[in-house]
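Everything below concerns the one structure shown next.
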Amino acid sequence: MPAKSNSAKTQSKGDSIKKTKKNLKHDNSDQQPIQNTPPKYEDIHFVDSTKPVWNYSLFSQEDIQNFQQGTHYRLYELFGNKQLNVLGTPGTYFAVWAPNATQVSVTGNFNNWEKDAHQLFVRLDHSGIWEGFIPHVVAGESYKYHIHGFQGIQLDKGDPFAHLWEMRPLTASITWGTFYEWKDEAWMQQRTEHNKLTAPWSVYEVHLASWMRPDKFDEESYNTYAQITERLVPYVKEMGFTHVEFMPVMEHPFDGSWGYQGTGFFAPTSRFGAPQDFAAMVDAFHQAGIGVILDWVPSHFPYDSHGLFMFDGTHTYEYADMRKGYHPDWNSYIFNYARGEVKSFLISSARFWCDRFHADGLRVDAVSSMLRLDYSRNAGQWEPNEFGGNGNLEAIEFIKDLNATLYRDFSGIQTIAEEATDWPKISKPLYDGGLGFGMKWMMGWMHDTLDYFKMDPIYRQFHQDKFSFSMMYFHDENFMLPLSHDEVVHGKSPMLYKMPGDDWQKFANLRLLYTYMFTHPGGKLLFMGNEFAATTEWNYKSELQWNLLNFVSHGGMKYCIQKLNELYRGEPALHEKQFDPGGFEWVDLNHRADTVLSFRRKGENPKDDIVVILNMTPLVRNNWEVHVHGKNNWKEIFNSDSKEFWGTGDVFNPEIKAEMVDGDDNWYKLKIHLPALSAVVIK
């Protein structure tokens, strides 16, 4: 979970807003028709046909019941703003949940931001839903809900279900739909094969704003979704990554939160364009054969006045008890998972991104903080659950329902948990008592691996157990190995400068680390800039150091990652059994003093087996003996010391000779030349 800055406090400037949304294409129809039958003419009740708001509804009684019980997962088809024709009159239908309000109005450009000019109707079924149809309000209008809330407080709130928001620092919602004509049929038909757990998962983690900017020194300078697509899709394809993961694209008011303090759970950020432009970017990745994973944050939200906090003057979306409802680490508020309407809201948000934007999966942020009542709290600052434990029982059930719903409704997707504790069975199925995620970030591997590689090689012989410990618990979960944005910010240094030694040794160590990562069981995730050995920490205000690719050392690192992706994708032994205990075995852990380790990766077919030998010291080791079982014909298929990677290229294995040592058990002795600080992969 990244450190998160406080979100912006900028208020709406509604009385001065008169924005024209240029270059935003819109179709009044939505991607999918409303599933509920619209009311017949005789069911539409008018107080007065001359009034500006018509009493119109899209909700059935079944919708209301499911919404309140926490089992309505398509709320985006009903809430928010919908451009419709009612009785031949074009306009926009609005619906918002504000159960403790005494009056709700829509205020916007179309009525000069008059607070009470267009008052919505409250439903008489005690659902707390306010709704109405305003004729002649079309797409592209900025608006807010003016709420007379608890104890007479008056609030101006953005629409929790809006699909488009004003560009910060402005904070109003915009009437808009999500209709887009998709062209990724081929991908959608075969993505189950692409995204299954036995397929390669090499994920490139991207922060859209800072990957590349029109002006690299101007934090207000953004490429559009179309410009990002033009540059990023071919780059990810060239690098050989199988998936891209976007840090949160959901609308958020403060750049410094990196998107993790969100206000728009149903809206791609307007920093780069309209929802249709975002859809086109996802479409382009799919047509290039690349999956798209979205970071999604159901754990907390900021206190911005236009957002969800105290939505109708009371704790509507968050727990009222701040022992459960407040995040001390991030100065934000925790969703009330016990409330049916909130649960329906969150699972609808998750479905929305898979439904309307064809997301191939969601990486769920800060799962540890959701599961544990005592997360970042000392004794006396939290209350045990009804059984005396520290688990948030409501959050646990929410997570289970979330995963069950997504896997039921969308074939070929995966959910990935950012969970950093020893909570059991995060990625095990519900029928096995698990939480139902497809994968879990392997934070323990990340910490142990970085600690090990930071050491001067002379000391690594005394810490081999730290290096090998991951395989003691790897098969407890379906793990993804992350070298994420969290590891290159806040004084942690870029990956290159975590490595010991002179410049050459730093690059050699980093190539060795990456080779170990790509040959270790599990999915892989690499943050942008790590692939070419950035020399500064990531800064969300600028762009990546693309000029480094003018240097052969950094270009060599980039090419090393390309070849590692090619190796991972091309060798079945590296992915077919990446979550199977039968896919890995240690070959040699008995040379601590020499700090050379080797392991075998195994696929479905024994002929695909490979052996990885890691030389963790700056000493060249010629004729290193490796004992293997079953085969006498081996060749080198990867060497991290290759000249193409800015290695020496002096130590390699053009021919590997095998000597029989035990004919009965079919054991052979190989002699392998090991470059300094290098990994050699043989097959």
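Just name the residue that is farthest from Leu619 (Cα to Cα) out of those in region 629-683 that are among the acidic types (Asp, Glu) and in a loop (DSSP other than H, G, I, E, B). Can you show your working first?
Just the residues of region 629-683 that are among the acidic types (Asp, Glu), to begin with: 636, 641, 644, 650, 655, 659, 662, 664-665.
Restricting the remaining residues to those that are in a loop (DSSP other than H, G, I, E, B) gives 641, 650, 655, 664-665.
Details: Asp641: 13, Asp650: 13, Glu655: 21, Asp664: 35, Asp665: 33 Å.
Among them, the one singled out is Asp664.
I need a count of the residues in region 144-154 that are out of contact with any Asp or Glu (no Cβ under 7 Å at 6 or more places or on another chain) and within 14 Å of Lys115 (Cα to Cα).
Our first condition is that a residue be out of contact with any Asp or Glu (no Cβ under 7 Å at 6 or more places or on another chain); within region 144-154, this holds for 148, 151-154.
Next cut, within 14 Å of Lys115 (Cα to Cα) only: 148, 153-154.
Residues flagged as out of contact with any Asp or Glu (no Cβ under 7 Å at 6 or more places or on another chain) and within 14 Å of Lys115 (Cα to Cα) within region 144-154 amount to 3.
Restricting attention to helices (runs of 4 or more DSSP H) lying wholly within region 338-443, give those where 1 or more residues are more than 21 Å from Gly259 (Cβ to Cβ) and either in contact with a Cys (Cβ under 6 Å, 6 or more places away or on another chain) or basic (Lys, Arg) (or both). Even if it seems obvious, please write down each step before you answer.
Details: elements: 340-355, 367-371, 393-409.
Counting at least 1 such residues, we get 340-355, 393-409.
For Trp182, indicate whether it is out of contact with any strand residue (DSSP E or B) (no Cβ under 8 Å at 6 or more places or on another chain), part of a loop (DSSP other than H, G, I, E, B) and surrounded by 15 or more Cβ atoms within 10 Å (Cβ to Cβ).
Numbers: out of contact with any strand residue (DSSP E or B) (no Cβ under 8 Å at 6 or more places or on another chain): yes; part of a loop (DSSP other than H, G, I, E, B): yes; surrounded by 15 or more Cβ atoms within 10 Å (Cβ to Cβ): yes.
When the stated conditions are applied, Trp182 passes them.
If you check Phe278, Phe254, Phe357, which single one turns out to be crowded, with 24+ Cβ neighbours inside 10 Å, among the aromatic types (Phe, Trp, Tyr) and either at positive phi or under 19 Å from the mean Cα position of the chain (by Cα) (or both)? First the steps, then the outcome.
Values: Phe254 fails: crowded, with 24+ Cβ neighbours inside 10 Å; Phe357 fails: crowded, with 24+ Cβ neighbours inside 10 Å.
From the options Phe278, Phe254, Phe357, the qualifying one is Phe278.
What number of residues within region 438-454 satisfy the criterion of being in contact (Cβ under 8 Å) with a residue 40 or more places away in the chain and surrounded by fewer than 16 Cβ atoms within 10 Å (Cβ to Cβ)?
Taking region 438-454 as the starting set, the residues that turn out to be in contact (Cβ under 8 Å) with a residue 40 or more places away in the chain are 438-442, 445-446, 449-450, 453-454.
Restricting the remaining residues to those that are surrounded by fewer than 16 Cβ atoms within 10 Å (Cβ to Cβ) gives 454.
Residues in region 438-454 being in contact (Cβ under 8 Å) with a residue 40 or more places away in the chain and surrounded by fewer than 16 Cβ atoms within 10 Å (Cβ to Cβ): 1 in total.
Among the candidates Val596, Val661, single out the residue that is in contact (Cβ under 8 Å) with a residue 24 or more places away in the chain and either farther than 17 Å from Arg511 by Cβ or surrounded by fewer than 18 Cβ atoms within 10 Å (Cβ to Cβ) (or both). First the steps, then the outcome.
Numbers: Val596 fails: either farther than 17 Å from Arg511 by Cβ or surrounded by fewer than 18 Cβ atoms within 10 Å (Cβ to Cβ) (or both).
Answer to the check: Val661.
I'd like to know if region 608-631 contains one or more residues that are of a type in the set (Gly, Ala, Ser) and either at pLDDT 95 or above or on the phi < 0 side of the Ramachandran plot (or both). It would help to see each step written out before you state the result.
Going residue by residue through region 608-631, those that are of a type in the set (Gly, Ala, Ser) are 630.
Subsequent filtering for residues that are either at pLDDT 95 or above or on the phi < 0 side of the Ramachandran plot (or both) retains none.
No: region 608-631 contains no residue that is of a type in the set (Gly, Ala, Ser) and either at pLDDT 95 or above or on the phi < 0 side of the Ramachandran plot (or both).
How many of the residues making up region 149-190 are under 23 Å from the mean Cα position of the chain (by Cα) and among the β-branched types (Val, Ile, Thr)?
Looking only at that region, the number is 1.
Does Val626 qualify as being aliphatic (A, V, I, L, M), closer than 24 Å to Tyr452 by Cα and either surrounded by 15 or more Cβ atoms within 10 Å (Cβ to Cβ) or in contact with an Asp or Glu (Cβ under 9 Å, 6 or more places away or on another chain) (or both)?
Working: aliphatic (A, V, I, L, M): yes; closer than 24 Å to Tyr452 by Cα: yes; either surrounded by 15 or more Cβ atoms within 10 Å (Cβ to Cβ) or in contact with an Asp or Glu (Cβ under 9 Å, 6 or more places away or on another chain) (or both): yes.
When the stated conditions are applied, Val626 passes them.
Does Asp486 satisfy being surrounded by fewer than 16 Cβ atoms within 10 Å (Cβ to Cβ) and touching a Pro at 6+ places or on another chain (Cβ under 7 Å)? Break it down into steps so the answer makes sense when it comes.
Details: surrounded by fewer than 16 Cβ atoms within 10 Å (Cβ to Cβ): no; touching a Pro at 6+ places or on another chain (Cβ under 7 Å): yes.
Here the answer is no, as Asp486 does not meet what is asked.
Can you pull out the residues in region 217-231 that are in contact (Cβ under 8 Å) with a residue 40 or more places away in the chain and either over 22 Å from Asn539 (Cβ atoms) or surrounded by 20 or more Cβ atoms within 10 Å (Cβ to Cβ) (or both)?
Answer for region 217-231, where residues must be in contact (Cβ under 8 Å) with a residue 40 or more places away in the chain and either over 22 Å from Asn539 (Cβ atoms) or surrounded by 20 or more Cβ atoms within 10 Å (Cβ to Cβ) (or both): Tyr222, Asn223, Tyr225, Ala226, Ile228, Thr229.
Would you please name the residue that is farthest from Trp441 (Cα to Cα), looking only at residues in region 489-515 that are crowded, with 22+ Cβ neighbours inside 10 Å and hydroxyl-bearing (Ser, Thr, Tyr)?
Looking at the filtered set, the residue picked out is Thr515.
Given (1) within 23 Å of Ser468 (Cα to Cα); (2) over 40 Å from the mean Cα position of the chain (by Cα); (3) not in a loop (DSSP other than H, G, I, E, B), identify the lone condition not met by Ala593.
(3)
Give the residue, chosen from Tyr431, Tyr459, Tyr497, Tyr452, that is among the aromatic types (Phe, Trp, Tyr) and within 28 Å of Glu397 (Cβ to Cβ). Step through it out loud before you land on a result.
Values: Tyr459 fails: within 28 Å of Glu397 (Cβ to Cβ); Tyr497 fails: within 28 Å of Glu397 (Cβ to Cβ); Tyr452 fails: within 28 Å of Glu397 (Cβ to Cβ).
Criteria check complete, one pass: Tyr431.
So Glu585 fits all but one of (1) closer than 27 Å to Gly663 by Cβ; (2) in contact with a Ser or Thr (Cβ under 9 Å, 6 or more places away or on another chain); what number is the exception?
Every listed condition holds for Glu585 apart from (2).
If a residue must be assigned to a strand (DSSP E or B) and touching a helix residue (DSSP H, G or I) at 6+ places or on another chain (Cβ under 7 Å), how many such residues does region 84-136 contain? Talk me through it step by step, then tell me what you get.
Restricting attention to region 84-136, the residues satisfying the condition of being assigned to a strand (DSSP E or B) are 84-86, 89-97, 103-108, 119, 121-122, 129-135.
Right, trim to touching a helix residue (DSSP H, G or I) at 6+ places or on another chain (Cβ under 7 Å) and you get 97, 107.
The qualifying residues number 2.
Based on what the data block shows, is His194 touching a helix residue (DSSP H, G or I) at 6+ places or on another chain (Cβ under 6 Å), farther than 22 Å from Ser484 by Cα and at pLDDT 95 or above? Let's see the steps before the verdict.
Numbers: touching a helix residue (DSSP H, G or I) at 6+ places or on another chain (Cβ under 6 Å): no; farther than 22 Å from Ser484 by Cα: yes; at pLDDT 95 or above: yes.
So His194 does not fit the description; no.
Just for region 414-437: of the residues that are charged (D, E, K, R) and surrounded by fewer than 16 Cβ atoms within 10 Å (Cβ to Cβ), which one is modelled with the lowest pLDDT? Steps first, please.
First, pick out the residues of region 414-437 that are charged (D, E, K, R): 418-419, 422, 425, 428, 432.
Then keep just the ones that are surrounded by fewer than 16 Cβ atoms within 10 Å (Cβ to Cβ); that gives 422, 432.
Values: Asp422: 92, Asp432: 96.
The extreme case among them is Asp422.
State which residue is surrounded by the fewest Cβ atoms within 10 Å (Cβ to Cβ) when the search covers only region 320-341 and only residues that are out of contact with any strand residue (DSSP E or B) (no Cβ under 8 Å at 6 or more places or on another chain) and closer than 20 Å to Gly380 by Cβ.
So the first thing to find is which residues in region 320-341 are out of contact with any strand residue (DSSP E or B) (no Cβ under 8 Å at 6 or more places or on another chain), and the list is 320-324, 328-331, 337-340.
Next cut, closer than 20 Å to Gly380 by Cβ only: 320-324, 328-329.
Values: Ala320: 10, Asp321: 12, Met322: 14, Arg323: 13, Lys324: 19, Pro328: 12, Asp329: 14.
In this case the residue turns out to be Ala320.
All but one of (1) under 26 Å from Trp546 (Cβ atoms); (2) surrounded by 19 or more Cβ atoms within 10 Å (Cβ to Cβ); (3) in contact with a strand residue (DSSP E or B) (Cβ under 9 Å, 6 or more places away or on another chain) hold for Tyr235, so report the exception by its number.
Tyr235 satisfies every listed condition except (2).
Within region 616-628, can you find the residues that are under 14 Å from His673 (Cβ atoms) and either assigned to a loop (DSSP other than H, G, I, E, B) or in contact with a helix residue (DSSP H, G or I) (Cβ under 8 Å, 6 or more places away or on another chain) (or both)? Give the steps one after another, and end with the answer.
Quick first cut of region 616-628, residues under 14 Å from His673 (Cβ atoms) only: 619-626.
The answer is Leu619, Val620.
Inside region 516-537, can you point out the residues that are surrounded by 22 or more Cβ atoms within 10 Å (Cβ to Cβ), more than 13 Å from Met557 (Cβ to Cβ) and of a type outside the set (S, T, N, Q)?
Phe518, His520, Pro521, Gly522, Gly523, Lys524, Leu525, Phe527, Met528 - these are the residues of region 516-537 that are surrounded by 22 or more Cβ atoms within 10 Å (Cβ to Cβ), more than 13 Å from Met557 (Cβ to Cβ) and of a type outside the set (S, T, N, Q).
For residues that are within 28 Å of the chain's Cα centre (by Cα) and crowded, with 23+ Cβ neighbours inside 10 Å, tally how many sit in region 77-112.
6
Within region 137-148, restricting attention to residues that are in a loop (DSSP other than H, G, I, E, B) and β-branched (Val, Ile, Thr), which residue is nearest to the chain's Cα centre (by Cα)?
Checked region 137-148; the qualifying residue nearest to the chain's Cα centre (by Cα) is Val138.
The values are calculated or read from the model by the stated rules, or taken from the named source; none is laboratory data. Owing to the predicted nature of the structure, the values given are computational and were not obtained by experimental measurement. Note that each Cβ is placed from the backbone with ideal geometry, even for glycine, and that neighbours are counted across all protein chains shown.
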